[in-house]
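Below is one structure, written out as structure tokens; comments come after it.
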Amino acid sequence: RKEVEQDPGPFNVPEGATVAFNCTYSNSASQSFFWYRQDCRKEPKLLMSVYSSGNEDGRFTAQLNRASQYISLLIRDSKLSDSATYLCVVKTSGGSYIPTFGRGTSLIVHP
Amino acid sequence: DGGITQSPKYLFRKEGQNVTLSCEQNLNHDAMYWYRQDPGQGLRLIYYSQIVNDFQKGDIAEGYSVSREKKESFPLTVTSAQKNPTAFYLCASSHPLVGRGAFFGQGTRLTVV
């Protein structure tokens, strides 16, 4: 079982739609969680951290469920510019906090 | 401005050659990482370093080498022993605290010709 798993998609949605991505992680010792955005042929960029209580940044909401070991990202009122690959990232304790990446979920927002 | 810089952006290597990819950061981060990304794939960890003069192998270290002589710099050498080096190479750095995210350079696209 992979450490971090994501549905690769693509998720194809119209502008203005609400879309949600999930990500599951296998190591219960995981301590920090993040969502990154990666545009085609570019480097990943940190979108937001994910906190146990859930957190929101504008149209983006992230949730963490430690009991079920998954995190989610909700995007409201999708824009064309939201089209990208969204990467789930987990940092796990054990001496070195190495960021482990999921394969990413592709989002395509169309007019 | 603080950031992390990779060079070159594009690199072409002949078979049998060693090449070195540069990664420099001025974020004062202790931890630095090298990842490899193949088309349609996720990021795989090659090497990481948590402190100067120390580094550890990641999941796919074979055919690669690194050094960490300065806090700011973490160069990656792709040796001739790496049989399939064509890929997108990404360097990242982060604060050692577990709750901090990592920041990436713009990447180096390596092609074997």
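Key figures
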| quantity | calculated |
| --- | --- |
| Residue selected from the range B:37-46 under the condition open to solvent by 20 Å² or more (accessible area, probe 1.4 Å) and not charged (D, E, K, R), by the criterion nearest to the other protein chains (Cβ to nearest Cβ) | B:41 |
| Some residue of the range B:19-36 being out of contact with any strand residue (DSSP E or B) (no Cβ under 7 Å at 6 or more places or on another chain), within 14 Å of chain A (Cβ to nearest Cβ), on the phi > 0 side of the Ramachandran plot and open to solvent by 10 Å² or more (accessible area, probe 1.4 Å) | no |
| All positions within the range A:25-45 that are part of a strand (DSSP E or B), open to solvent by 50 Å² or more (accessible area, probe 1.4 Å) and modelled with pLDDT of 95 or more | A:37, A:45 |
| Unmet criterion (only one of (1) more than 27 Å from residue A:50 (Cβ to Cβ); (2) in a loop (DSSP other than H, G, I, E, B)) for residue B:60 | (1) |
| Long-range neighbours under 6 Å by Cβ, at least six apart or interchain, first residue more than 14 Å from residue B:5 (Cα to Cα) and at the interface with chain A (Cβ under 7 Å from one of its Cβ atoms) within the range B:98-111, second open to solvent by 10 Å² or more (accessible area, probe 1.4 Å) and in a loop (DSSP other than H, G, I, E, B) | B:98/A:97 |
| Candidates A:26, A:52 - the one that is within 13 Å of chain B (Cβ to nearest Cβ), of a type outside the set (A, V, I, L, M, F, W, C) and more than 20 Å from residue B:40 (Cα to Cα) | A:52 |
| Answer from B:62, B:15 - the residue that is open to solvent by 60 Å² or more (accessible area, probe 1.4 Å), modelled with pLDDT of 95 or more and more than 10 Å from chain A (Cβ to nearest Cβ) | B:62 |
| In the range A:12-24, the residues that are assigned to a strand (DSSP E or B), over 13 Å from the mean Cα position of the chain (by Cα) and surrounded by 14 or more Cβ atoms within 10 Å (Cβ to Cβ) | A:13 |
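The values are calculated or read from the model by the stated rules, or taken from the named source; none is laboratory data. On a predicted model such as this, the values are computed, not experimentally measured, just so you know. Using ideal geometry, Cβ is built from the backbone for each residue, glycine included, and neighbour counts are taken over all protein chains shown. Just the protein is used for accessible areas: all its heavy atoms, side chains included, with ligands, DNA and RNA removed. Shrake-Rupley method; radii C 1.70, N 1.55, O 1.52, S 1.80 Å.
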